[in-house]
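Participant: After the structure tokens below, expect a handful of questions from me.
The values are calculated or read from the model by the stated rules, or taken from the named source; none is laboratory data. Predicted, not measured: the structure shown is a model, and the values here were computed from it. Note: accessible area is taken over every heavy atom of the protein model, side chains too, but ligands, DNA and RNA are not part of it. Shrake-Rupley method; radii C 1.70, N 1.55, O 1.52, S 1.80 Å.
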Amino acid sequence: EVQLVESGGGLVQAGGSLRLTCAASGLSFDDYTIGWFRQAPGEEREGVSCLSVTDGVTYYADAVKGRSTISRDNAKNTGYLQIDNLKPEDTAIYYCAVAKQRLCWYGIDYWGKGTLVTVSS
């Protein structure tokens, strides 16, 4: 079976940092583009960041641009999202997703179950 397991969420004070991890199994991770999404209570899910399977295309949502970094380690079948200077507005469940597709956001094949990030003011 294919699994994407997020970790690294938790409670953090505003201004702090977190690195979220997405551990993939059951697939050839290096064949997939990875994206990060988040969903706050009562809100729509939104894209946060994306890294193309070719490493040639990246995307950061305006809300995190300049304070986040998406990366991957294909040898470890793992993706990462670093967010610095966290704000209360960053509070959400963060999901990783993968797509066997070079363009970000298209053709998502698998989703993780999410990890909760709570930022206190």
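Participant: Determine how large the accessible area of ILE108 is when every protein chain is in place; take a 1.4 Å probe and give Å² rounded to the nearest 10.
Facilitator: 60
Participant: If you don't mind, another one. For LYS76, list the lysines whose Cα falls under 25 Å from its own Cα; do not include residues on the same chain fewer than 8 positions away.
Facilitator: Answer for LYS76, where 25 Å is the Cα cut-off: LYS100, LYS113, listed by chain and number.
Participant: Here is a further query. Using alpha-carbon pairs under 8 Å, 6+ residues apart, how would you state the relative contact order of the chain in percent?
Facilitator: Relative contact order for the chain comes out at 36 percent.
Participant: Compute a Gaussian network model of the chain, connecting alpha carbons closer than 10 Å, and tell me which residue from ARG38, ARG102, ARG67 fluctuates the most.
Facilitator: Among ARG38, ARG102, ARG67, the largest mean-square fluctuation in the Gaussian network model of the chain belongs to ARG67.
Participant: In whole percent, how big is the carbon plus sulfur part of the accessible area of the stretch 23-74, probe 1.4 Å, protein atoms only?
Facilitator: Working: 1050 of 2510 Å².
Whole-percent figure for carbon plus sulfur exposure: 42.
Participant: While we're looking at this one, here's another question. Using 0.36 nm per residue, how much length does the chain from ASP30 to GLN101 gain when fully extended, once their Cα-Cα distance is taken away?
Facilitator: Length difference between fully extended and current span is 24.4 nm.
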